[in-house]
Each structure stands twice: as structure tokens, then as C-alpha cells.
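The values are calculated or read from the model by the stated rules, or taken from the named source; none is laboratory data. Computed from a predicted structure; not experimentally measured. Positions of Cβ are generated from backbone atoms using ideal geometry, with glycine treated the same way; all protein chains shown enter the neighbour counts. The protein model used for the area step is the full one, side chains on, heavy atoms only, and it has no ligands, DNA or RNA in it. Shrake-Rupley method; radii C 1.70, N 1.55, O 1.52, S 1.80 Å.
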Amino acid sequence: MEKLLDRKILLFIAIFAVFVMPSISLAHDARLEYVRQELVKAGYDKKAASTLVHDKRIKVYAVKKVSYKQPNWGIIESKFYNVDYIQQGKNYIISHSATFEKAETDYDVKKEVIAGIIAIETDFGKNSGSYITFNTLYSRMKQASSTKWKAQAVQLMALSKYCLEEKLDCFSIKGSYAGALGIVQFMPNSLLTYGIDGNADGVVDLFNPEDAVPSAANFLKKHGWDQDQLKSLARYYGSSVGYPQIVLTYAGLIN
């Protein structure tokens, strides 16, 4: 009888460790608690904010999965300047001609440039990322130093606000290793600030060209496109190396 009780106790402990301990760990995560408090301060529903930051689907990705990956610009140029890929860009614009024409009219940003951004960011939407964005941003915040984690928290809060406002399941949204979203790879803060509901359906969906195309054009416009195109593209990417000139060159080739 004592051995049977011992086995039952051990089984209970094992079940407790698997199902209860993770939620306790999250409940006492000071950085997640900071996110929750900031969401409540911003006016979001307390219960909804708590439910989000205590979701059992939260996990930490390994550092190697969410660390910066240096692009090989030579390989990218070889791909982009190939005749077949140039044709893909032309075909993509034709497939979404009304959306590109409207964005060009509204923001005075050439449609070929936006097509170039979509090409370099996600291969025309074929590779927008497979990581759960909430977990990506949580991992980056969790793994950041004590002096830098709040800068990472800004993006997690922006994503949380987007999900709460649109009543979306945050854990259904997938993106890049860095937490960028959609076919134009906006970070969540840019989504909130520059996202455009192009098809007027009440939701900014960056996986839909009807919203993504004008959103990218809006970002470039707001970052000085009329004054300096290369600098505006550098602001989009976060660096002046490689990316801006490749996008402009490709845009010229598909014009």
C-alpha cells in the first residue's frame, strides 16, 4: 500500500511539473508582467491583457533562432538581376495592378519599388516567416540584457496591442526570426504606426497585398521618400548597406 501511495505521489508531482509549473514561471516573469502593466496603463482590458501574457503557448526560442543573420548581398543580387526573377516582379505587379496603381497615386511611390521590397523581404510572399511572432518577440525580450530588454518589450507590446484591438489570436501570427510580419515584413511598432487598411475591411492585414502595398508606400513616404529615396529605403531596412540600392536597381529593371 505504501509503495502504491508513493507511486501516486510521484505521478502527481510529475503532472504538476508538466502542467502547472510553466504557468507559475510565466506568472512570475517580471518582464512579461511589465508588458501586462503597460497594456493596462494604455487602456486595454485587464483580463484580456492577463490572458495574453499568461497563455500556455508562450515559449522561449533558442538564441540561435532569433539572432541576427547577415545577408549575402552578392547572392541576392545574382537572384534579383536574373531575367526570370525580373519577369516575376512584372507578373506580380500585373496580378495586383489595381492595388499598386492606387498606392502609387496616393503616396507617389513607384509600384516597382514596392514590388522590389516585397521581393527582397519575402520572395513575393512565399517566405514571410514560420516563427510564432509573439514567442519570437518574447524570446528576444527575455534574452536581452538588463539595460536593453525594454527596447525589445516595445515590439512585444505593439504586437499585443494589435492583437487585442483586432481581436486576433496572437499565437496564430507567424513571422521572421526578428519578429517582422507579413509580405512587407513590418515590425509590430511600424504596423501600428504606418499600417494602412487598403481594402477598408476594418483590419490591417500585412499578409494581404491590398493592405501591405499601401502600408509600405506610406512608410517610405513618411520617411522622406520625396527627398532621398536611398535614405528612405535605408530607414525601411535599418541599414544603408546592400538593400536600398538593390531595391532601386530591381525596380528599374522591372519598370
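General remarks:
- Label-to-label distance for Asn127 and Ala151 is 2.7 nm, based on points extended 7 Å past Cα in the beta-carbon direction.
- The mean sequence distance of close C-alpha pairs (under 8 Å, at least 6 residues apart), as a share of the length of the chain, puts its relative contact order at 20 percent.
- Inter-part distance where segment 181-231 and segment 28-86 are each reduced to a Cα centre, Å: 18 Å
- From its DSSP helices (H runs of at least four residues, each -39,500 (n - 2.57)), the chain gives a residue-normalised ellipticity at 222 nm of -19500 deg cm²/dmol.
- Once the Cα atoms are used to define both axes, helix 209-222 deviates from the longest principal axis of the chain by about 80 degrees.
- Extension gain from Gln245 to Asp108, taking 0.36 nm per residue of separation minus the Cα-Cα distance: 47.4 nm
- Rounded if a/c under 1.5, otherwise prolate or oblate - segment 46-106, Cα gyration tensor axes: oblate
- The local environment of Asp169, defined by Cβ-Cβ distances under 15 Å, has a net charge of +1 under the rule Lys, Arg +1 and Asp, Glu -1.
- Accessible area expressed per residue, segment 121-188, with surrounding protein chains retained (probe 1.4 Å, Å²): 39 Å²
- Cα Rg, Dmax (largest Cα-Cα span) when computed across the chain, Å: 21.7, 83
- Rounded tilt (10° steps) of 111-122 against the dominant C-alpha axis of the chain: 30 degrees
- Apportionment of accessible area to carbon and sulfur, segment 194-255, percent (1.4 Å): 48 percent
- Helix 30-41 and the longest principal axis of the C-alpha atoms of the chain enclose an angle of approximately 70°.
- Among residues other than Ser97 with Cβ under 13 Å from its Cβ, the summed charge is -1 (Lys and Arg +1, Asp and Glu -1).
- Projected area averaged over orientations for segment 92-241, convex hull of C-alpha atoms, nm²: 9.0 nm²
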